[in-house]
Amino acid sequence: MTAEELEGYFTGIALPERITLESGVVVEDVPLFLESHFDYIRSNEGSKSINVYLQRLHLAIQAIENPVEEIKPSAEEAAPDVEAASA
């Protein structure tokens, strides 16, 4: 997909609040992510440096089309056991 096609894709869909691009890489503000990536691509057209930005946009499409459920720690895992720690 060209940068123009990518921009058209994201313009025509409802964006989630956040996405996981790959393990350990979470985008907390999807609209800001898209804006900054497209700004960089437009400003550096023709440069090889845009390839990583295009790659991340493709990862964003995959993340939106095939969302991965985030595994959140249970209440027991999130809060340390105070009694066990003081024993």
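Here are some notes:
- Portion, in percent, of the accessible area of the stretch 1-75 that falls on carbon or sulfur, probe 1.4 Å: 52 percent
- Cα-based shape type of the stretch 14-53, given that a ≥ b ≥ c are square roots of the gyration tensor eigenvalues and the cut on a/c is 1.5: oblate
The values are calculated or read from the model by the stated rules, or taken from the named source; none is laboratory data. Predicted model only: the values in this text are computed from it and were never measured. Each accessible area value is taken on the protein alone, full model and side chains, heavy atoms only, with ligands, DNA and RNA left out. Shrake-Rupley method; radii C 1.70, N 1.55, O 1.52, S 1.80 Å.
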